[in-house]
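The values are calculated or read from the model by the stated rules, or taken from the named source; none is laboratory data. This structure is a prediction, so every number in the text was calculated from the model and none was measured. Side chains are part of the model used for accessible areas, which takes the heavy atoms of the whole protein and leaves out ligands, DNA and RNA. Shrake-Rupley method; radii C 1.70, N 1.55, O 1.52, S 1.80 Å.
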Amino acid sequence: MGLLSLFKNIFKRQKSQSWDRTPEEFLAMVIYLQTYGGKPYSDDEVLKLGNIMMQVMDVRLFPYKDFADLLATGVPDYNAVNVVKGKMTDLQSRIELKKAIYGENVDLGDDDVMNSNSPDAIASRKMVDELRKFIKFQPDDENREDKDR
């Protein structure tokens, strides 16, 4: 699963473009996204990604003054990351099961974030479109998405 797919799956269940969990969980999510796919951890890259994420969604960082302060003094809380990982594993299992039973070209329904008309999928695509203003996704992410269409 490419980074583009990961973003879509992470935010698939967001009803709006707002973060309703703690600042420390947001920090952990940004660290997870920055290191996704085996990329080495980088404070600079986490800071950049955190600031980008805050431009496309409403994140309340209180008591931190900004994302840099959260990164410097906050302790990441991986509860939200673990929930997302579980949902992604469940989603991937459903997709694999559908393909095993019905073939590779099966209609994945609402599990196909790229083609579903569910409010969650539409919101997810909107989020990714907003992120594209700031992030150039790797070609392999785009190619993986094309295969899923």
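Pairs Lys39/Lys98; Lys87/Lys136; Lys99/Lys133; Lys98/Lys133; Lys65/Lys133; Lys99/Lys136: which are spaced more than 27 Å apart, C-alpha to C-alpha? Those over the limit are Lys39/Lys98; Lys99/Lys133; Lys98/Lys133; Lys99/Lys136.
Quantify, in whole percent, the carbon and sulfur part of the accessible surface of segment 19-149 (1.4 Å probe; protein heavy atoms only). Intermediate values should be presented prior to the final figure.
Details: 3990 of 7870 Å².
Looking at segment 19-149 in its full context, I get 51 percent from C and S.
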